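The values are calculated or read from the model by the stated rules, or taken from the named source; none is laboratory data. Model, not experiment: these values are computed from the prediction. No Cβ is skipped: glycine too gets one built from the backbone with ideal geometry, and neighbour counts run over all protein chains shown.
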Amino acid sequence: MQIEVTWIFAYGSLIYRPGFAAAEVVVAELEGHGRRFWQGSPDHRGTPQAPGRVVTLVPAPGESVRGLAYRLPADSARQILVELDERERAGFERTEVELVVEGGRLAATTYVAASGNPHFLGPAPLEIVAGEIAQRHGPSGSNVDYLRRLAHALRAIGTDSDHVFEVERELEALAVQGPPDSTT
């Protein structure tokens with residue numbers, strides 16, 4: 001049985017590593033939200049004992065999040081959604097959103113880690129966020145790699161993501177200064 005064509009909105013690692021072949025890809029924007037490193041990653045970019053930080057969407061009036069919208073092929077959409085549900089399991093839930101695209105709007109599904117989930121880390125000073133990212137590593141690789149690949153992908157689609165780029169600058173400043181002294 002075929003399911004209706006589905007669009008997936010990517011604003012984090014799905015931008016640079018979707019893990020599936022899309023029937024179509026367009027640049028899209030979600031209004032009224034911000035992209036923040038507020039979600040813990042105990043399964044990909046960290047461990048349960050030392051979760052990495054990955055981005056999630058948070059309500060933010062006046063802001064918007066630019067990413068990619070992938071149209072799933074009708075013949076494999078159901079399997080792709082099953083695989084994405086597994087990939088995004090640690091606190092993320094499917095959410096329906098309306099995106100702005102060239103020429104109009106479209107309905108899409110995205111994965112959001114709301115503040116009530118058990119892995120939600122929430123806001124923290126930039127130096128804390130960058131310090132945690134600098135030290136975390138998980139089965140999918142280092143948290144630093146996640147940040148750098150995301151920042152590169154965002155620049156490639158021509159977006160200005162203040163929070164991501166601020167964390168990136170703070171991480172670079174830490175690298176120059178060296179890691180904080182953990183003995184104090």
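Quick notes on this structure:
- Leading residue by the ranking (farthest from the chain's Cα centre (by Cα)) among those in the stretch 69-83 that are hydrophobic (A, V, I, L, M, F, W, C) and surrounded by fewer than 21 Cβ atoms within 10 Å (Cβ to Cβ): 74
- Matching residues in the stretch 45-67 - criterion: being surrounded by fewer than 20 Cβ atoms within 10 Å (Cβ to Cβ) and either in contact with a Pro (Cβ under 8 Å, 6 or more places away or on another chain) or free of Cβ contacts under 8 Å to residues at least 60 places away in the same chain (or both): 48, 49, 59, 60, 61, 62, 63, 64
- Filtered by the rule that a residue be in a strand (DSSP E or B) and touching a His at 6+ places or on another chain (Cβ under 8 Å), the stretch 58-96 gives 58, 59, 60, 63, 64, 65.
- Positions within the stretch 163-184 being at pLDDT 90 or above and either farther than 16 Å from residue 35 by Cβ or not aromatic (Phe, Trp, Tyr) (or both), in sequence order: 163, 164, 166, 167, 168, 169, 170, 171, 172, 173
- Index of the failed condition, residue 109 passing every other in (1) hydroxyl-bearing (Ser, Thr, Tyr); (2) in contact with a Phe, Trp or Tyr (Cβ under 8 Å, 6 or more places away or on another chain); (3) over 25 Å from residue 21 (Cα atoms): (3)
- For residue 88: the one exception among (1) within 23 Å of residue 118 (Cα to Cα); (2) in contact with a Phe, Trp or Tyr (Cβ under 9 Å, 6 or more places away or on another chain); (3) buried (at least 16 other Cβ atoms within 10 Å of the Cβ); (4) in contact (Cβ under 8 Å) with a residue 60 or more places away in the chain: (4)
- Restricting attention to the stretch 141-162 and to residues that are of a type in the set (Ser, Thr, Tyr) and modelled with pLDDT of 95 or more, the residue that is surrounded by the fewest Cβ atoms within 10 Å (Cβ to Cβ) turns out to be 142.
- Of the criteria (1) surrounded by 16 or more Cβ atoms within 10 Å (Cβ to Cβ); (2) on the phi < 0 side of the Ramachandran plot, which one residue 93 fails: (1)
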